[in-house]
Amino acid sequence: MFAMSGDARIYSPSSARNRDFIRDAFLKHMPTKGVIVEVGSGSGEHCIHIAAAAPHLYFLPGDPDEASRASIAAWIAESALDNISQPHDSDVTQENWRERFSACDGVLSINMIHIAPFAAAKGLFAGAASLLKDEGRLFLYGPFKRDGAHTAPTNEAFDQWLKGRDSSWGVRDLDREIAPLANRTGFKIRDIVEMPANNLSVVFSKY
Ligand SMILES: C[S@@+](CC[C@H](N)C(=O)[O-])C[C@H]1O[C@@H](n2cnc3c(N)ncnc32)[C@H](O)[C@@H]1O
């Protein structure tokens, strides 16, 4: 990630590589109208990219990190889009994070749950359960283990790197950690989309 001097916009090379694929999976599997709350938006590039292709949806991006929020706001200003709000600062480990939002149609989180303690995944699902309307969808993107195993050596190396930075971080296991968490909070897996570079998009709906 890098920023230009005097410009709050953060540029993420990985976003430039994966944003078309994430946008296309999102548009195929997420609601076609209503409001989408994004958490852990980082630079904001994904949300801007999806919002530009989805004028039928309204987006609420946000991040607890101040520099990220400044980047999101700067990308919004540059885009001139009118279907995206100023960034919120929600931290999904805070029990009441969802209380500032009205019922919504989608919750989006890209590359967040592995770069945060597992409490963030728990808070994300708990908040999404009360925030989403009955037909709503939760969309996650990132690397996942499947049934106890990494899906690629690069993901295993990434997992080691994450744990070296913070022992509470790490690539989550879709079958053994995330699906049970989803079930406990009233969600089921609806779609699993294979993405480039051994990532997945996973879409959850309510039971
Ligand atoms: C690896 S970045 C991903 C950013 C962006 N979604 C992307 O894919 O480029 C992870 C983001 O999650 C945010 N984050 C970490 N813990 C969080 C939490 N508890 N609640 C909400 N966001 C969190 C971080 O501030 C960071 O911006």
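Some values worked out for this structure:
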quantity: Residues with amide H under 5 Å from that of Arg190, placed H, sequence gap 5 or more; calculated: Val203, Phe204, Ser205
quantity: Full-extension gain in nm, Ser85 to Leu27, via 0.36 nm per residue minus C-alpha separation; calculated: 19.0 nm
quantity: Pairwise FRET efficiency - Ser167 versus Ala52, Cβ, R0 = 35 Å, nearest 0.05; calculated: 0.35
quantity: Mean projection area, nm², convex hull over Cα of the chain; calculated: 10.7 nm²
quantity: Share, in percent, of DSSP beta bridges within the chain that are antiparallel, nearest 5; calculated: 50 percent
quantity: Stretchable slack from Glu135 to Ala119, in nm (0.36 nm times residue separation minus alpha-carbon distance); calculated: 3.2 nm
quantity: Packing-based exposure ordering (other Cβ within 10 Å, fewest first) of Phe139, Phe158; calculated: Phe158, Phe139
quantity: GNM top mover of Pro87, Pro31, Pro61 - the chain, alpha-carbon springs below 10 Å; calculated: Pro31
quantity: Pairwise FRET efficiency - Asp7 versus Asn183, Cβ, R0 = 41 Å, nearest 0.05; calculated: 0.40
quantity: At most 10 other Cβ within 10 Å, DSSP loop - trypsin sites (Lys or Arg not before Pro), the range 1-103; calculated: Lys33
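No value in this document is a laboratory result; all are computed from the given coordinates. Bear in mind the structure is a predicted one, so any value in this text is a computation, not a measurement. FYI the Cβ positions are ideal-geometry reconstructions off the backbone, even for glycines, and counts take in every protein chain you see.
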